[in-house]
Every structure is written in structure tokens, then in C-alpha cells.
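Trainee: What follows is a structure written as C-alpha cells; I'll ask about it next.
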Amino acid sequence: MMSNLITTRTPFLIAAEINTIKQQVGIIFLQSTIEIGGRLKEARELLQYGEWSKWLEDSVSYSQKTAERMIRIFEEYGPKQLESSDAQSPATDTQAQNLPNLNFTQALILLGVPEEVRGEFIAELDIDNITTRELQKKVNDWKLAREERDQARQENIGLRKVVNEQANQITHLTEAYDNLMTKSEELSESNRALEQETGKRQAELERVKDRASYKTVEKMSKRLTDVYNKAVANKVAFLYGNLEKTYKELMWEMQELATKEPETHRIFKKNVTDFLIKSLKENVDTENKQA
């Protein structure tokens with residue numbers, strides 16, 4: 001009875017044996033590919049430029065694509081895989097210790113994961129029991145997640161750049177506003193000085209009227225009027241200069257805003273246009289009333 005249980009073979013047992021043999025064949029094939037890849041690389045370095053393809057065809061019957069793939073397998077897995085499969089020589093490399101006995105198909109799929117993170121990636125898998133399709137899906141999912149992460153980083157960098165540009169613009173506008181306020185204070189000081197000077201001249205004129213002839217009074221009055229007119233002209237010139245400079249700065253900033261924030265530019269453009277139209281209308285109405 002016990003003997004029958006031991007010797008009874010089932011489809012499940014046969015499938016397990018076949019899969020084990022397939023895994024062993026894959027491991028042997030990978031190790032053989034690594035050995036061949038190392039020698040192919042050695043031969044390629046010894047050959048002259050242009051001789052590589054012909055040597056492959058004549059000497060080993062490999063296409064250049066197949067040979068390059070074997071060389072890459074050697075470069076990616078060579079020392080590590082050979083060390084990890086050598087029971088007589090324990091691996092000392094950290095990644096080598098993390099690499100299990102991969103078969104050729106697994107090794108080929110795992111080329112999709114960079115070497116610096118491949119050991120950590122494999123450590124999270126049940127590599128002995130995972131199917132080829134499942135492994136390919138996990139590699140594809142990892143690559144997709146990495147692309148999304150890289151894209152998010154790029155978007156974050158772009159957002160930071162926009163924020164920095166906006167901060168620079170705010171700083172520029174703040175400095176322009178501070179300059180305008182400083183000039184406004186200077187203008188106020190100048191106006192107070194002119195008002196004081198005008199008051200002095202007016203008082204002087206009153207004193208002159210009391211003791212001078214009409215001609216002298218008339219001359220002083222003209223002088224006072226000239227001083228006042230000059231002060232008004234200077235004030236207008238100063239205000240016009242500030243207005244022109246401010247308008248030019250506004251137009252420059254509006255052009256910058258149009259390329260970066262079109263909707264905000266549209267709103268400010270309408271506000272500026274409405275303000276100019278309203279100001280011109282009020283000016284015309286004032287002139288008509290004065291006329």
C-alpha cells in the first residue's frame with residue numbers, strides 16, 4: 001500500500017517535474033549564455049573595425065543582434081550570476097548575494113530593470129514560483145510607475161519654475177511700486193516747498209503794494225505769476241515723466257503676462273482700456289465746461 005502511494009504518478013507530479021527540468025535548463029542556458037557572452041566580448045575587442053559581423057557569421061554562426069544580446073547578458077549578470085551559482089566560492093558582492101539562480105528568460109525580462117535596483121526588485125518577488133507572464137507584467141508595472149514618478153518630478157520642477165518666475169515678477173512690481181511711492185513723496189515735498197515759496201512771494205507782494213508804486217507792484221505780480229507758472233509746469237513735467245515711464249513698464253509687464261497667463265492678461269487689459277477711456281471722457285467733459 002505504501003509502495004503504491006510512492007510510485008503512483010499523476011499529471012500534477014509530471015507537470016512539477018517538467019517545470020523543474022525547464023527551470024534547471026533555463027539556469028544552465030543562462031550560465032552558458034554568460035560564458036559565451038564573455039568570450040564574444042573578448043573577441044569583439046580583439047577584432048579590427050568592420051570585422052565583427054563577418055567573424056560572427058563565419059566563425060560561430062551568430063547574427064550580430066544575437067551576439068550583442070549575449071554580451072549584454074554577460075555584462076549585466078556575468079560575475080554576479082556565476083558567483084551566486086558557485087557553491088564552492090561564496091559571493092562577496094552584495095548584489096550577487098541578492099540574485100537568485102535566474103533562468104535565461106527571467107534574466108532577459110529583468111534587463112528592463114536597471115542594475116542598481118534590480119537586486120532589490122528581485123528580492124520582493126517569489127522568483128522560483130512566478131510565471132514568465134507574471135514577471136513581465138511586474139517589470140512593465142515597475143517601468144510605468146517609474147515613468148509616472150519621473151513625469152511628476154518634471155511637472156513639479158516646472159511648477160516651481162513658474163512659482164519662482166511669479167515671485168520675481170512680484171518682487172519687480174513691489175520695487176517699482178516702492179520707487180513710485182518714493183517719487184510721490186519727493187513730489188509732495190517739492191509741492192510743499194513751492195507752496196511755501198509762493199506764500200513768501202505773496203506776502204512780499206503785499207508788503208510791496210503798501211510801499212511801492214503801481215508799476216513796481218505790477219512787476220512783482222508778474223514775477224510771482226512766472227514763478228507759479230514755472231512751478232506748475234515743473235510739476236506737470238514731473239507727473240508726465242512718471243506717467244510715461246509707468247505706462248511703458250505697465251505695457252512691458254502686460255506683454256510678459258500675455259505669454260504666461262493669457263486669461264489674467266485679458267482681465268487687466270480690459271481694466272486698463274476702461275480706465276483710459278473713462279479718463280479721456282472726463283478730460284473732454286472738463287474742457288467743455290471750462291469753455
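Trainee: May I ask you to say which residue of M181, M220 is modelled with pLDDT under 80 and more than 48 Å from the chain's Cα centre (by Cα)?
Mentor: None of the other options fit; the residue is M220.
Trainee: Does the range 237-263 hold any residues that are surrounded by fewer than 12 Cβ atoms within 10 Å (Cβ to Cβ) and not small (G, A, S), and which are they?
Mentor: Y240, L243, E244, K248, M251, W252, Q255, T259, P262, E263
Let's see how each residue does on (1) closer than 20 Å to T105 by Cβ; (2) modelled with pLDDT of 90 or more; (3) not assigned by TED's automatic domain parsing to the domain that holds A107:
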| site | (1), (2), (3) |
| --- | --- |
| Q31 | yes, no, no |
| E35 | yes, yes, no |
| Q48 | no, yes, no |
| S53 | no, yes, no |
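Trainee: Right, next: Here is a list: D126, D150, D141. Which entry is over 19 Å from E75 (Cα atoms), out of contact with any His (no Cβ under 8 Å at 6 or more places or on another chain), of a type outside the set (K, R) and loosely packed, with under 10 Cβ neighbours inside 10 Å?
Mentor: Of the residues listed, the single one that is over 19 Å from E75 (Cα atoms), out of contact with any His (no Cβ under 8 Å at 6 or more places or on another chain), of a type outside the set (K, R) and loosely packed, with under 10 Cβ neighbours inside 10 Å is D126.
The values are calculated or read from the model by the stated rules, or taken from the named source; none is laboratory data. What you see is a predicted model; the values in this text were computed from it and never measured. Glycine gets a Cβ as well: all are built from the backbone with ideal geometry, and neighbour counts include every protein chain shown.
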